[in-house]
1. When ranked by the protection proxy of mean other Cβ atoms within 10 Å per residue, highest first, what sequence do the peptides 213-220, 118-125 form?
2. Sort D230, D243 by heavy-atom solvent-accessible area, probe 1.4 angstrom, most to least.
3. Let me know the shape class of segment 105-182, please: from the alpha-carbon gyration tensor, a ≥ b ≥ c as square roots of the eigenvalues, rounded when a/c is under 1.5, otherwise prolate if a/b is greater than b/c, or oblate.
4. Which residues does the label zone of R67 cover in segment 133-161, counting backbone N under 15 Å from a point 7 Å along Cα→Cβ?
5. Near A109, within a Cβ-to-Cβ distance under 11 Å, what is the net charge of the other residues, with Lys and Arg +1 and Asp and Glu -1?
6. In what order, largest first, do M132, M259 sit by accessible area if the probe radius is 1.4 Å?
7. In segment 235-255, whose amide N lies under 16 Å from the spot 7 Å out along Cα-to-Cβ of R30? List them in ranges.
8. Given the protein chains as shown and a 1.4 Å probe, how many square angstrom of L247 are accessible, to the nearest 10?
Amino acid sequence: MAEIHRQLLLFGAEELRRHAASIEDLTERRRELDRIDAASAALGEAIEDDLAFSHSGLCQTCLPHARPASNDLIWQRSSGRFHLMVSPGVVRSPEGRATRVGVPYGTRARLIMIFLQTEGVRSRTVSLGPSMSAWIRSLGLPVTGGPRGTIQAIREQSLRIARCEFTLQWTARSETGADETIIRDQRLISGLSLWHGQEEGNDMPWQATVELTREFHEHLCEHAVPLVRDAIAHLKDNSLGLDLYTLLAYRLQRLKQPMLLRWQTLAAQVGSDTGRTSHLAQRVKAVLPDVLAVYPDAEVEVVRNGLRLLPSKSPVPRTLVNGFRVIEGTAGQLPRPHRKLFR
């Protein structure tokens, strides 16, 4: 159990908030108060509508944190015998040229991906809500226009997700006992209608739906990892925080004994493109308290060479998934996703 949860059980949330209110640095004070609120919510009783989902492969290997240097680059990440390669898709430019749009990146891409997968475990056809603004708010984001606003950012990341191709490659043991390499090329969605002429304050109704490809939908239902919606909401502005939370949600519940996740190995999995593992280690140490605040059962220790992971409970009690196949088990009734995923 993380230290903040021990303090909550000993002193209560109000006492911790009073102590946090005395922190002089405004940014650090706000961050500590948010962490207390998130940790308090994580200790509460989870309900079925609080579930989100992500494919197990996308929990182990992550999209880039920042915009890649070139839209032509193929993004690669690895976790043991599993490898993810994301190839940028092609669209016709206003000038009439075929151009690559680049791979998805950053927090907005992650929120869109989790939204599509959460709704996708229920149905291949995913509704984006009654309006573009409503959909952006359901992602937990404000609706803002302009070149740096959320409208433009969501439009760009949606296009990148819709056009890119995910190549999943892993090594498995065949029936004869020999290793065999399995490669699957998958698009997440069949197509996407992009909106135009909608800016802040112009909330035109739409009938927007996205259809997941049959192959991805079937694979998702076989390999969905349950997440806590409020945890995603708390980490929605931090790409590394989201990467660590989804990675731990997948990995910790599967451990049989403690393991050392070395910094070099972690760097090959998450979306950081830093060349020095010391920089990644510093970033992980800074964001890990926020991750552990929303995953109170996670047993994780920072050591010199990486993260020491211990067998831990899933962030979501298995009784909440109503028999839905989560990594292993028997397929059954699907959980009912919540329309407003991230507050």
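The values are calculated or read from the model by the stated rules, or taken from the named source; none is laboratory data. Since this is a predicted model, take the numbers as computed values, not measurements. Positions of Cβ are backbone-derived with ideal geometry, glycine not excepted, and every protein chain shown enters the neighbour counts. The protein model used for the area step is the full one, side chains on, heavy atoms only, and it has no ligands, DNA or RNA in it. Shrake-Rupley method; radii C 1.70, N 1.55, O 1.52, S 1.80 Å.
1. Result, highest mean Cβ count within 10 Å first: 118-125, 213-220.
2. Heavy-atom accessible area, descending, gives D230, D243.
3. Judged from the Cα gyration tensor, segment 105-182 comes out prolate (a/c at least 1.5, a/b above b/c).
4. Within reach of a label on R67: 146-160.
5. Once positives and negatives cancel, what remains is +3.
6. Descending accessible area places them as M259, M132.
7. Residues 235-238 fall inside that zone.
8. Its heavy atoms expose roughly 10 Å² to the probe.
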